[in-house]
Each structure stands twice: as C-alpha cells, then as structure tokens.
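Visitor: Once you've had a glance at the structure underneath, I'll fire off some questions.
The values are calculated or read from the model by the stated rules, or taken from the named source; none is laboratory data. Being a predicted model, the structure only gives us computed values, none of them experimental. Quick reminder, even Gly has a Cβ in these numbers, built from the backbone with ideal geometry, and neighbours come from all protein chains shown. Accessible surface areas use protein heavy atoms only, side chains included; no ligands, DNA or RNA. Shrake-Rupley method; radii C 1.70, N 1.55, O 1.52, S 1.80 Å.
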Amino acid sequence: MAKDAVVSDELAKKFSTEKDTPYLRWVRGEGLDIIGAHYVRNLNTVELKPWARRGGSGVYINHEASRTSNDCYVCEIPPGKKLEPQRQLFEEMVLVLSGRGSTTVWNDEGKRITFEWKAGALFAIPLNCWHQHFNGSGREPARYVAVTNAPPVINLYEDVNFVFNTRHDFKERFAGEPDYFSAKGEQKGFLLQTNFVADAVNLPLISAKERGAGGGHIRFNMARGSMNSHISQFPVGTYKKGHAHGPGAHVIILSGEGYSLMWPEGEEPRRYDWEIGTMVVPPNMWFHQHFNSGTMPARYLAFKHEGVAIRNGQGVPKAWISKRLGGDQIDYADELPAVRKIFTDELARHGISSRMDAAYAAELPDLTPLAKSA
C-alpha cells in the first residue's frame, strides 16, 4: 500500500481531537460497525448488526473522504417487516441488492407516493422527505446499499435533531408529482434524467469510445441532488483506460467477473478481484482500471459526489481526458507494462482471447504527440 506518512506520537496527539467527528460519533451511537475499507468483496454477504432505530440491520462502509464528502451503508429489512420512517437533510441514493418491496415517500404538505422495487432497482430519496422501506416478501430479507452525503451535513450542523427532524419541504426537489418515481426519463447526452431505474443490470447504455475498448456508459442525477451516479459496461476480453479522480466513488459490480488495479502515481498497481456484489472505492487521485476477465460483459454502478469529477473549463471530467492533453486518463499506449501483462495472463488462465488489439490500434491516429524532453 502507499505510505501513510506516519508521524511521531507527539505530533499525532496535537491533532487527536480533530480525528473524531460529529458524524463518526453519530454512526457509533447507532450501534453499527464502520468498515474502513476501499474494497469489500461482496456486499451481499457482508456482516450486519441489528439497527434498533431503523428496525433492520446494517453496517457502514467508510473511505478516506468520509470526513468531507460521502459515505456508504448496507441495510437489510427482515422478511415481512418494514424500516421505521425517516427524513434527513442529506441526500441518499439506493441500489437494491436482493429481495423485493416498496418505498413510500411523503412531505409535510401531505403529498405521498409509493413505488415498488426489486433487486437491481436504483433510486434516490428526495431531500428531507419522509420515506419508509417495506419488504414485500414474508420469507426472504431485502438488502440494499446506499450512498449519502451525510458526513459533511452532520459535521456542519453538529445537531442530529436538526438534521433528522427539521420541517421543510424542498418543493423544487419533490412536490408530490404522481410520476416522480416512474421509469420514464429524458436522455441528454450521457445523462438520463430520471428518479427511478427499475433494472440497472439490463438498462441500455450509450457508446463511450472515449473510455476505450467499445464500452457503454450512462449517467444519472436523481432527485435533483448534488450527488450523482453512472453505469459503465465493457465487452468480454477488454478493459477500460486507467484514470484518476477525486475521492468518494463507490464502484459496485452489477454483472460479470474480473478485477481492478489501483495505484498512486509512481507506484506499482495493486489488484482487487471482483464478482457480482463487490465494491471498490478508489482513493483520492489513485489511478485505477477495470478489467473484464470473464465470459460475459462486465457492468458496474458508481455512486459518487460531484466533487469526485475534477472538470476542465468545458465541464468535461478530466478522468475522460488524456494525460497528454493535461487530463487524468492514461492512453493505452502509455499504460504501465504490468497492466497489459496481468490482463494477458489472466485471460490465458481462463481460456479467453483478448479483444484489445483493435482498441490499441483505434487510439493511435488521434494520439497527441508526447512532448519532447529538453
């Protein structure tokens, strides 16, 4: 792993009071564990603890940006049960991992909507709306993963009662529209404007040749929030270009099998194998790359805060722009030799042929020449 810049105990003690935060104290007060990890092998099997206040069970998964941007938690609703109603002054995006059920959302004006979901559904909770999740099965639990921007909100106000019990309807976010959680949507470029995706695993995508190797892509900004998400998919025998961005992107594998490489600039890549349900959270400005080594297209969902996307003056994320142009994406021609070798060896182990030769060749005509050293 990258060096943690360990200092003396004397210096560490001078900052000890700043390590703990109102947010961390609140999570501990909920009686839940905090998994401090950038990699969770399977969200479907991660261990949960009873969550008395919500009426289910859960665990929090925090990353290095949990002090400043966003966090993640997994929650399970027992068979035939429901969670307690909750409202909050922070945003929340939800992916249903397993089971089926429904959610009711309402505001202080009394506008109420109920919608149904099953495994693979994706939606967001409108800011400060009351909401309640119901398990639709009397035999099987329902489990979901959620990403929120609770850390900066709780840390800012340091008043849990204010965060969870303030009466105010943000009518620009939710005004009781009957079709608010319908599966309708308007496509604008890569952005699909919708508040509900019934099946993220099979949602049609748009070609994203800029990321390399014939992949597909689609982006969401749900419930008019400051958090966003995207889905990417790449074919058998291919991998995406390496790139770096800010902290807080929670990458959740929806289909396929493979692995990710992550590394801080100047160091060797570290490998993280994945399957359906794996979550990878790239650390701040670490380069990372996702590889399909299985026999079917690989698809993932990334939940993130807008601050992750460091953009150029045109609004394009620098993670989509070649390093040769001043961006944070590595062209195939410039990737570390180890990257290609690891992939070749992995495909050979599975008896799969690489489809990368065409991708390598396709980028060459448009490559910006490397600057000559003085």
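Visitor: For labels at Ala338 and Lys188 in the simple 7 Å Cα→Cβ model, what's the distance in nm?
Guide: 4.3 nm
Visitor: What size of dipole, in debye to the nearest 20, comes out for segment 1-125 about its Cα centre when the only charges are +1 on Lys and Arg C-beta atoms and -1 on Asp and Glu C-beta atoms?
Guide: The dipole magnitude comes to about 340 debye.
Visitor: Cut-off under 23 Å on the C-alpha distance; same-chain residues fewer than 8 positions from Lys13 excluded. Which lysines are left, in chain and number order?
Guide: Once the sequence-local lysines are set aside, what remains near Lys13 is Lys3.
Visitor: Compute, for segment 150-192, the length of the dipole vector about the Cα centre, with Cβ point charges of +1 (Lys, Arg) and -1 (Asp, Glu) only. Units Debye, rounded to 20.
Guide: 120 debye
Visitor: Tabulate in residue order the Karplus-calculated ³J(HN,Hα) for segment 73-79, using 6.51 cos²θ - 1.76 cosθ + 1.60 with θ = phi - 60°, rounded to whole Hz; enter x for Gly and Pro.
Guide: 9, 10, 9, 10, 9, x, x
Visitor: Right, something else. Among all lysine pairs in segment 224-374 that are eight or more places apart or on different chains, how many have alpha carbons less than 23 angstrom apart?
Guide: Step by step, the pairs that qualify in segment 224-374 add up to 13.
Visitor: For segment 133-158 and segment 214-232, what is the separation of their C-alpha centers, rounded to whole Å?
Guide: Cα centroid of segment 133-158 versus Cα centroid of segment 214-232: 19 Å apart.
Visitor: Could you give the length gained on full extension between Lys49 and Asn161, defined as 0.36 nm per residue of separation minus the Cα-Cα distance, in nm?
Guide: 38.0 nm
Visitor: Which aspartates and glutamates, if any, have their Cα less than 19 Å from the Cα of Lys184, not counting same-chain residues under 8 positions apart?
Guide: Once the sequence-local aspartates and glutamates are set aside, what remains near Lys184 is Glu116, Glu172, Asp199.
Visitor: Further, regarding this structure: Per residue, how many Å² of accessible area does the chain show with a 1.4 Å probe?
Guide: Dividing the accessible area of the chain by its residue count gives 46 Å².
Visitor: Could you work out the relative contact order of segment 243-374? I mean the mean sequence separation of Cα pairs under 8 Å and 6+ apart, divided by the number of residues, in percent.
Guide: Relative contact order for segment 243-374 comes out at 25 percent.
Visitor: Turning to a different aspect of this structure: Excluding same-chain residues fewer than 8 positions from Lys82, which lysines have a Cα within less than 17 Å of its Cα?
Guide: Lys49, Lys118
Visitor: With each pseudo-label sitting 7 Å past Cα toward Cβ, what's the Gln86-Trp130 distance in nm, one decimal?
Guide: The two pseudo-label positions are separated by 1.7 nm.
Visitor: Additional query: Calculated from DSSP H runs of 4 or more alone, at -39500 (n - 2.57) each and per residue, what is the 222 nm mean residue ellipticity of the chain, nearest 500?
Guide: After summing the helix terms and dividing by the residues of the chain, the value is -4000 deg cm²/dmol.
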